[in-house]
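Heads up: the structure comes next, in structure tokens.
The values are calculated or read from the model by the stated rules, or taken from the named source; none is laboratory data. The shown structure was predicted, so the numbers you read here are calculated from the model rather than taken from an experiment. Quick reminder, even Gly has a Cβ in these numbers, built from the backbone with ideal geometry, and neighbours come from all protein chains shown. Ligands, DNA and RNA are excluded from the accessible area calculation, which covers all protein heavy atoms including side chains. Shrake-Rupley method; radii C 1.70, N 1.55, O 1.52, S 1.80 Å.
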Amino acid sequence: MGPDGVASLSRPLNRALYACIRGAIQEGSLAPATRMPPQRDLAVELGLSRNTVMFAYEQLMAEGYLTARTGSGTFVADTAPERFLNASVIVATDPQRQGAVPMPGLSPRGQRLIANASASSTQWGAFMPGVPDLARFPHRRYAQIAAKLWRQPHPEWLSYSHGGGLPALREAVAAHLRVARSVQCDASQVLITEGIHQAIDLVVRMLGTPGETAWVEEPAYWGIRGVLEVSDIGMVPRPVDAEGMTLPDTGAVLRRPAPRFIFVTPSHQYPLGAVLSLKRRRELLEFARRQGSWIVEDDYDSEFRFSGQPIPSLQGLEPDAPVIYIGTFSKTLYPGLRMGYMVLPKPIAAAFQTAHAELYRAGHLMTQATVAEFMQAGDYAAHIRRMRPLYARRRAILAGLIEQYLGPDALHEHASNAGLHLVLRLPDGVDDAAVAARAREQGIMVRPLSRYYMTPSVQRGLLLGYACVPEESIAPAFHTLMRCLH
Ligand SMILES: Cc1ncc(COP(=O)(O)O)c(C=O)c1O
């Protein structure tokens with residue numbers, strides 16, 4: 001689909017046409033590879049405006065039902081997402097899963113979620129992307145704080161949470177984000193979550209209305225797509241270049257309905273690594289203000305930048321920006337902690353805190369008290385300071401091996417010197433999913449880059465996480481991977 005593809009689900013005629021074509025694809029009367037009539041012809045035939053047909057086609061392309069081939073027209077896609085989902089029994093096709101599992105009776109949402117599931121059954125070892133070095137977690141110090149708190153636990157810490165999490169932790173998070181990420185906030189705006197997935201779920205439930213759309217980076221973190229799959233919000237992929245998420249030209253913006261949400265990783269685009277340029281940041285903020293969209297800034301790993309100045313958050317760039325900032329302790333502490341945070345604009349903060357308790361019956365206050373003290377005592381900042389040079393060295397070793405064996409072009413050109421993973425590019429014809437599966441058989445965990453795309457025009461490559469691999473293990477693991485590549 002074109003870079004400006006936007007869905008219009010709010011206009012009844014588009015909606016009707018979209019639903020009609022989608023239904024025909026799902027029930028098989030429009031078979032895969034069928035050539036669709038040109039938009040102009042269909043508009044004349046049905047007595048509709050050309051725009052109506054264009055909106056319907058673009059939504060179907062965004063959802064993967066149709067594909068456009070330059071110069072030859074629009075076709076029914078071979079991989080229409082619900083073609084197999086509508087069967088009463090579906091099969092999990094992820095090769096990483098333990099065999100195929102039939103799942104009868106799931107709702108269409110449940111089926112969509114399972115069909116797109118991407119969480120790996122193994123989460124530790126070379127080169128698992130996105131996992132920090134858990135062997136270096138200062139567990140003795142953490143356990144000392146936890147043990148002290150457990151000797152005299154506050155009864156409230158053992159009860160349900162309400163109001164957005166433990167005040168001491170919200171204070172500590174606000175203080176950290178003001179200093180480390182230039183986020184403009186105080187503790188009243190902070191909400192402690194169980195991580196970024198939950199934060200996105202809450203945002204969409206609280207601010208989204210069925211039929212609205214969200215812009216999602218293309219490629220993007222698969223977890224966002226999973227959460228959006230089970231909402232009634234349509235996803236519109238926005239291509240990414242060396243300056244981060246691209247924006248449509250002004251004419252296209254005016255012709256199409258505004259997205260309700262814009263999900264973006266401005267400080268370190270996931271997974272390709274670009275930094276959203278200042279010019280784009282300003283344009284994005286202006287666009288969101290004008291169109292009434294919410295920007296959701298996913299700042300998942302920005303504590304780990306190895307050269308140059310830290311990239312300040314988008315949220316802090318302008319006062320009263322329409323930005324919901326979300327972050328996680330998964331990379332700085334450990335993913336199993338299941339703890340993250342949101343920073344909300346003041347007018348909606350209290351409503352979100354109440355909704356969080358109503359929806360998820362939040363808790364883990366004892367753990368929150370431990371993390372709060374860990375932060376207040378300076379252990380959190382010290383741990384990040386210790387891990388930063390360690391990850392920088394591991395990154396340099398892996399990047400050096402890739403350059404030595406595959407040449408400088410094998411590293412993705414958008415990558416910045418930051419984060420916990422690298423992207424190794426593969427030539428277009430290579431089946432990166434097959435390479436990843438082969439590597440896995442040899443005990444090496446990598447993720448195929450093509451899995452991060454929604455549209456058929458994918459780049460091939462592998463995501464290699466280096467943070468969890470001790471220095472001395474990087475070269476042996478890399479050589480095993482090389483054998484799988486050849
Ligand atoms: C871009 C991005 N956002 C969010 C997450 C997950 O965050 P959490 O562990 O808090 O759910 C990840 C994990 O790798 C990620 O890469």
>> What is the ratio of the Cα radius of gyration of the chain to 2.2 N^0.38 Å, with N the residue count, to two decimals?
In response: 1.00
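Do the sum for the chain: with -39,500 (n - 2.57) for every DSSP H run of n ≥ 4, divided by all residues, what is the mean residue ellipticity at 222 nm, to the nearest 500 deg cm²/dmol?
Values: 15 runs with 193 residues, N = 486.
One gets -12500 deg cm²/dmol as the mean residue ellipticity at 222 nm.
Per-residue counts of other Cβ atoms within 10 Å, averaged by peptide: what ranking do you get for 17-24, 116-123, highest first? Numbers along the way, then the final one.
Values: 17-24: 17.1, 116-123: 13.4.
Ranking the peptides 17-24, 116-123 by packing returns 17-24, 116-123.
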>> Taking the Cα centroid of the range 251-320 and of the range 421-483, what is the distance between the two, rounded to the nearest whole Å?
In response: 27 Å
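Which helices pass in the chain if a helix is a full DSSP H run, must span at least 15 angstrom along its long axis by Cα, and must have mean Kyte-Doolittle hydropathy not below 0.5?
Membrane-span-like by this criterion, though nothing is claimed about a membrane: 196-207, 365-376.
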> In straight Cα distance, which aspartates and glutamates are under 15 Å from residue 279, not counting same-chain residues fewer than 8 positions off?
Replying inline: 241, 243, 249, 318
>> 5 Å is the cut-off here: which amide hydrogens, built 1.01 Å from N in the peptide plane, fall below it relative to residue 411, excluding neighbours closer than 5 in sequence?
In response: 425
> Which value, in Å² rounded to 10, gives the accessible area of residue 468 with a 1.4 Å probe and all protein chains present?
Replying inline: 10 Å²
> So for the pair residue 118, residue 376, with labels modelled 7 Å out along Cα→Cβ, what separation do we get in nm?
Replying inline: 3.9 nm
>> Please give me the summed charge of the neighbours of residue 277: other residues whose Cβ is under 12 Å from its Cβ, Lys and Arg +1, Asp and Glu -1.
In response: +1
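Quick one: net charge around residue 317, please, counting Lys, Arg +1 and Asp, Glu -1 for every other residue with C-beta under 9 Å from its C-beta.
Working: positive: 281, 282; negative: 318.
The answer is +1.
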>> Could you report the chain's accessible area per residue, 1.4 Å probe, as an integer in Å²?
In response: 43 Å²
> Carbon and sulfur atoms: what percent of the 1.4 Å accessible area of the chain do they account for?
Replying inline: 54 percent
